[in-house]
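Structure record follows, encoded as structure tokens.
What follows draws every value from the coordinates through simple rules; no lab data is involved. Worth saying up front: this structure is predicted, and the values here are computed from it rather than measured. FYI the Cβ positions are ideal-geometry reconstructions off the backbone, even for glycines, and counts take in every protein chain you see.
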Ligand SMILES: *[C@@H]1O[C@H](CO)[C@@H](O)[C@H](O)[C@H]1NC(C)=O
Ligand SMILES: *[C@@H]1O[C@H](CO)[C@@H](O)[C@H](O)[C@H]1NC(C)=O
Ligand SMILES: *[C@@H]1O[C@H](CO)[C@@H](O)[C@H](O)[C@H]1NC(C)=O
């Protein structure tokens, strides 16, 4: 009896699913195929560097028309491959970038390192996986734009009456180690473990795009961009980071990437080449989260204080500016020299001058938290019908609550928010008002009137590149404005204080010059 080739093939295909192909790399016909030996097979076009197939447990997760890569693709790369022990490595090289992919025998994870000597000409550095929407239908609802029409720029959409944008998937870097998308029996997650943000820009409270649902399911890790960027870009090694494949649930953030030290990866600094900073923290007003940040032109780090002390992550050697944050507000500073294997002590103390307030609206913490619409702004455009009316409002000291004061004031929407204050005779005389803002758009800055007196107009704040609050962030440069109200202005009885935004520029509705309030204090 003859066994046909077809029968033989069927017999082979009927092998149990737990038998995987061998770990390793094959390189043929312009395609590099990396197999984890555990159910993940990734194919890379060796002339473009695009990942054009990701099969996980027999399911194709890669979109077939748009691929997975750095930037919008590298165009043309030199591709080299190697397998050494349990590490299969693919290296893509251009004149200013080296992209390293590593798959470890038996792990369904793509480990990634990105090394640059110059910022890409598109002006931002991001890894984007354009995945199959049908295999991975579940992303961040607020950033699912499929079927929508653009209402601002080409990145904020209206979908069935709700505003949506890829920006509304952003999270603060300090809390964003794992984000992903899922489908039936499958999850794909970007993981940025440990000091993965060390070469990014913007500090601990910078936030950037994680996801967009369109014809593809787009999963991002933004290393840097001008999305309300307050710092210069850094160059060098970014990561290690990873794309982790699971049966659905999110992986741990504590992914071990220490094996990078055995792979001679350009720019990667192993634990043995790093040092730490530790110290005490004093005088920070209680009741706020306390964060310590470190930065220089090559790297940035942060850590959350534990009680009245802190210990930094393992940092690259160098001299750093140390910043003490109360919430997101800078309240102290120091300088630290870090050497490999060393621990430096830098004690930090808050320098915040806390006025003896007669009244205040909101808390000084570098955020608009507690104000009207602050709970919605991260996931909606200010024009969204789910937002409360922006006013202008009339706020009465003593009876209104912070949640009635708008988090933002736009010159063409709600200029002239008013505060009514009934003062006693002992509360009047020469007083000061301090307005803190967290960001400003198009040169916006506040000036005030108190009864018939008008303050001078402060100088324009430092311009920050690109839109802010309409893309779901308040994080810019914290700034305080103080106004000295002359004696004889305030009266015993009803006073009216009005806040205006000044700017030499103009713009329509929510793109008009604006400010984001942190707090308002009279003392
Ligand atoms: C690699 O990409 C180039 C450019 O899109 C394409 O012309 C080529 O056919 C691709 N190679 C393979 C093996 O798919
Ligand atoms: C306190 O320190 C912060 C952070 O360095 C700084 O921005 C601020 O200007 C300092 N304030 C005072 C009053 O010295
Ligand atoms: C830092 O603070 C700790 C604890 O208060 C103290 O023991 C230490 O002497 C201080 N070090 C410096 C350099 O000021």
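Quick one: compute the contact order of the range 271-349, relative version, from alpha carbon pairs under 8 angstrom and 6+ residues apart, as a percent. For the range 271-349, the relative contact order is 41 percent. Pairwise Cα distances in the chain exceed 30 Å for 55 percent of all pairs. Put simply, the Cα atoms of the range 218-317 extend 43, 34, 29 Å along their principal axes, the longest span coming first.
Taking the Cβ-Cβ separation of residue 280 and residue 356 as r and a Förster radius of 22 Å, what is the calculated FRET efficiency to the nearest 0.05? So, using R0 = 22 Å, E works out to roughly 0.25. Its Cα gyration tensor gives the range 9-130 an equivalent ellipsoid; the semi-axes, largest first and in whole Å, are 28, 15, 12. Across the chain, the mean sequence separation of Cα contacts (distance under 8 Å, 6 or more residues apart), normalised by length, yields a relative contact order of 11 percent. Report summary: the helix-based calculation at 222 nm, which adds -39500 (n - 2.57) for every DSSP H run with n ≥ 4 and divides by the residues of the chain, gives -500 deg cm²/dmol.
Relative contact order of the range 359-522: 37 percent, from C-alpha pairs under 8 Å at least 6 residues apart in sequence. Just so you know, the Cα atoms of the range 271-349 work out to an Rg and Dmax of 11.8, 37 Å. Each part reduced to its alpha carbon centroid, the range 430-461 and the range 232-257 end up 43 Å apart. Counting neighbouring Cβ atoms within 10 Å and putting the fewest first, the residues 448, 499 line up as 448, 499. Across all C-alpha atoms in the range 87-262, the radius of gyration and Dmax reach 16.3, 53 Å. Dividing the convex hull volume of the alpha carbon atoms of the range 86-140 by its residue count gives 119 Å³ per residue.
Give me the Debye-computed log₁₀ of I(q)/I(0) at q = 0.10, 0.12 Å⁻¹ for the range 359-522, equal point scatterers on Cα only, no solvent, two decimals. Each listed q maps to, in turn, -0.34, -0.48. For the Cα trace of the range 178-223, dividing Rg by the Kirkwood Rh returns an Rg/Rh value of 1.02.
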